[in-house]
Amino acid sequence: MLISGRGSNMRALVERSRVPGAAYRIALVLSDQPAAAGLDVAAGLGVPARALPVDPAADRVSFDRRLSAAIDDCAPALIVLAGYMRILSAEFVDRYAGRILNIHPSLLPKYPGLHTHRKALAARDAAHGATVHFVTAELDRGAPVIQARVDVVPRDDEATLAARVQALEHAIFPLAVNWYCRGRLRYRDGRAWLDGTALTAPVLYDAGNPDP
């Protein structure tokens, strides 16, 4: 798992991995930020974690090759981006094609990149949310897997909207990882496939039926 910040999605993924019947475990947490609070969170949860600091003199490809070497040491089935803020090189993405999942705080394809809650409020959107998607070389444009939605209410500001969206992130990200590690979810021909069927639209999360 790759992180850059406080690791709230990482915590949710680790906690769900310890529920009876979970199909995955977290082998390693890596951060490009030595001061990331998530590293201490991971250590407190008993998960191997370490920083891989960025060398300002090195280019993105060189850093990603170091990152690949650290990842390959533990040979994971899946790479999960949980608040990882560096853009990955095309070489890295191609190396692990179909094996990288990301969580993004918007209803993609709306609002790739940063400041998604601010953009949703400025556009007066009626709904906002989060998307789990496969990672490709094009930022936040990989095949979507599952989305969760919240209504935007008149009293919302960025902080209140972000908090409600994040609660949904913590529900849908472990679900998608579980699907992948059970063999139900795969990436092929530029699309996400669930249970052998190509998704024409992301699965819409339903709290009343959380694992369809």
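The values are calculated or read from the model by the stated rules, or taken from the named source; none is laboratory data. What you see is a predicted model, and the numbers here were worked out from it, not measured in a lab. When we count neighbours, we look across all protein chains shown, and the Cβ atoms used for this are built from the backbone with ideal geometry, even at glycine.
Within the set 132, 165, the sole residue that is touching a Leu at 6+ places or on another chain (Cβ under 7 Å) and of a type in the set (Val, Ile, Thr) turns out to be 132.
Each residue in region 132-163 was checked for being in contact with an Asp or Glu (Cβ under 8 Å, 6 or more places away or on another chain) and under 18 Å from residue 82 (Cα atoms), and 3 pass. Note on region 111-148: among residues that are in a loop (DSSP other than H, G, I, E, B) and in contact with a Pro (Cβ under 8 Å, 6 or more places away or on another chain), the one that is surrounded by the most Cβ atoms within 10 Å (Cβ to Cβ) is 140.
Summed over region 178-204, the residues that are in contact with a strand residue (DSSP E or B) (Cβ under 6 Å, 6 or more places away or on another chain) and surrounded by 20 or more Cβ atoms within 10 Å (Cβ to Cβ) give a count of 6.
Take the residues in region 85-109 that are surrounded by 21 or more Cβ atoms within 10 Å (Cβ to Cβ), of a type outside the set (A, V, I, L, M, F, W, C) and touching a residue at least 40 places away in the same chain (Cβ under 8 Å); name whichever of them is farthest from residue 174 (Cα to Cα). Looking at residues that are surrounded by 21 or more Cβ atoms within 10 Å (Cβ to Cβ), of a type outside the set (A, V, I, L, M, F, W, C) and touching a residue at least 40 places away in the same chain (Cβ under 8 Å), I get 105.
Given the residues 61, 54, which is the only one that is among the β-branched types (Val, Ile, Thr), surrounded by fewer than 14 Cβ atoms within 10 Å (Cβ to Cβ) and free of Cβ contacts under 8 Å to residues at least 40 places away in the same chain?
After applying the criteria, what remains is 61.
Answer yes or no: is there a residue in region 48-66 that is at pLDDT below 95, more than 19 Å from the chain's Cα centre (by Cα), among the acidic types (Asp, Glu) and more than 17 Å from residue 3 (Cβ to Cβ). The answer is yes, given that some residue of region 48-66 is at pLDDT below 95, more than 19 Å from the chain's Cα centre (by Cα), among the acidic types (Asp, Glu) and more than 17 Å from residue 3 (Cβ to Cβ).
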